[in-house]
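See below for the structure under consideration.
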Amino acid sequence: MKRIYMDNNATTAVRPEVLEAMLPFYREQFGNPSSVHWAGRAVSGAVEKAREQVARLINCSAAEIVFISCGSEGDNMSLKGTVEALRDKGDHIITTTVEHPAILETCKALEKQGIRVTYLPVDHNGMLNLAELEAAITDKTILISVMWANNETGNLYPVEEIGAIARKYKVRFHTDAVQAVGKVPVDVQKANVDLLVISGHKIGAPKGVGAIYIRRGTRLSPFMHGGHQERNRRAGTHNVAGIVGLGVACELAGSHLGEDVAHIRRLRDKLEQGIQAAIPEIKLNGHPDPDLRLPNTLNVSFAYIEGESLLLNFDMKGIAASSGSACTSGSLEPSHVMGAMCVDVVLAHSSTRFSLGLDNTEEDVDYVLEVLPPIVQRLREMSPLYNRKEPMTCEECQIIRKVH
Ligand code: PLP
C-alpha cells in the first residue's frame, strides 16, 4: 500500500542529514558538555555550534538562544517566567482565542493565580483585529502573546505590526513560532519579538528538543530549577544529540526557505484547487488568500461528513492527515480554533488538515485527489443529513449541537 504523509504540522520525519550529525553524540562523543575534562570539552563545542545555527535562522545572537525540550516548555516558560519576573509591574496578559493549548492552558493556570488574561477573538477567516489588540492594552499589561502561524489553519499573523504595537506601549511580545520556523522567514528583529519559541520535531529534528529566543536584557524567571546550565536560564543536562540535530535542522531550514518551500506551496495549491474543483459543498478554513497561510497547510471541511470517518478511510488508503491538531484529536469536541472562527459546529466536525512536507511529490497530490472524491461521496451517501432534500430545521440544528 502507498504511504503518503501529509501531517507535517503534527510532526516531521527526522532529516537524514540531521540523524547523521546526531549519531556520533550517542556513540563516541557521549560527554556532558558541563564537564571540564576532554569528554565534556569535545561536545560543548558542538552545542555552541548548534546555538549559532539556530540564531542565524532567526537573526539573533547565539547568546540569546536557550535550549529546551519542546515547544510546550518554551511557551510555559515564556508566560510563567514573565509573570514571575514582572509581577510587580502588572498582572495582565493579552493573547488570542486560537493559540495552541500550550498557551491557552498556561493562561488558564495563570488566571487561577490572579493573572487577568484577555483572549482576543478572531473573525470568520481566523484573523485578528489589531485595533482590538491595541485597545486591550492597559498600564497593567505585561505581555502580548500571539502565535506567528496557526497549527490548524496555517493562518499567518501580522507579527511585525503586533511587534510595533508592543514596542509603542513598551509591552513584552512573545510569539509561538513552532509552526512558522522553517516554513516562512522568521526574523526576530523585524518583528520586534522579545521571546520566540521553536520546536525541533516540526522542522526535521527529533522530538524532545527545542529552543527559545530570549532578547538580551529580557528578565525571565527560570522555569526549571537545578543546575547552572544555559547560564542559569534552563537547568538540566543538555540533550546534546538533539541539540546538534536542531542546529543542523535550522541550517537546512534556512536553505530550504527558497525553492523547496516554493515546491511545497505549489503542491498545496494544486491540492486546494483540485479539491475545490472535484468536490461540492466544502469550506476552506482559514484565510482564503493562500499567501496569508503557511505554504504547506490546507484545512478544509466537507459538509455532512465526520472528520474522523474521513481520516479512517484515508488511513485505509495509506494517507496520513489530521482533524484538528494532533494534540486535540482523540477528543470528540470540535477544535477550539474552529469554534473561535464560528465555523458551523457540523462543518467544524469535518475539518481536515493536510500539512505537506519536503518529501511530498506531485504524485502524492494526484493520489489524494484520486481517492478523496469517492470517499467523500460514499460517506455522504451514508449520511442522513445528506440524503434528506429539505434543509435542517432549527430544532434539528440544536439537537446536533447538543449531541456534539
Ligand atoms: N505551538 C504550536 C503552534 C504547535 O503546533 C505545537 C505542537 O503541535 C506546540 C506549540 C507544542 O510543541 P511541542 O509538541 O514541541 O511541545
* To do: Can you tell me the order of 109-118, 95-104, 44-53 when each peptide is scored by its average per-residue count of other Cβ atoms within 10 angstrom, highest first?
  => 95-104, 44-53, 109-118
* Simple spin-label estimate for LYS2 and ALA164 in nanometres, 7 Å along Cα-Cβ -> 4.5 nm
* Of every Cα-Cα pair in segment 270-325, the percent that sits beyond 20 Å -> 25 percent
* Relative contact order (%) - criterion: Cα under 8 Å, at least six apart; region: the chain -> 22 percent
* **Percent antiparallel among DSSP beta bridges (both partners in the chain, rounded to 5)** => 50 percent
* Structure fact -> For the TYR367, LEU19 Cβ pair and Förster radius 25 Å, calculated FRET efficiency rounded to 0.05 is 0.40
* **Radius, Kirkwood style, for segment 29-96 when every pair of distinct Cα atoms is counted (Å)** => 14.6 Å
* Would you mind checking segment 184-220 for residues with the amide N under 18 Å from a putative spin-label position 7 Å along Cα→C-beta of ARG87? => 219-220
* Structure fact -> At 4 °C in a medium of viscosity 1.567 mPa s, the chain has a Stokes-Einstein diffusion coefficient, with Rh taken as the Kirkwood radius over alpha carbon pairs, in µm² per second, of 58 µm²/s
* Would you kindly state how much longer the chain becomes between ALA262 and SER61 on full extension, computed as 0.36 nm times their sequence separation minus their alpha carbon distance, in nm to one decimal? => 69.6 nm
* Asked: Between segment 1-51 and segment 230-305, how many Å separate their Cα centres?
  -> 22 Å
* Asked: Too long at a 20 Å Cα-Cα cut-off: which of LYS89/LYS168; LYS202/LYS317; LYS202/LYS270; LYS108/LYS140?
  -> LYS202/LYS317; LYS202/LYS270
* Label point distance in nm, GLN189-ARG378, each placed 7 Å from Cα along Cα→Cβ -> 5.6 nm
* Using the alpha-carbon centroid of each, what span in Å lies between segment 58-88 and segment 329-376? -> 32 Å
* Can you give me the relative contact order of segment 256-346 as a percent, contacts being Cα pairs under 8 Å and 6 or more apart? -> 21 percent
* Want the number for GLU308 to HIS37: 0.36 nm per residue separation, take away the alpha-carbon distance, what's left? -> 92.1 nm
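We did not get these values from a lab; they are worked out from the coordinates using the rules stated. Please read all numbers here as calculations on a predicted model, not as lab measurements. Using ideal geometry, Cβ is built from the backbone for each residue, glycine included, and neighbour counts are taken over all protein chains shown.
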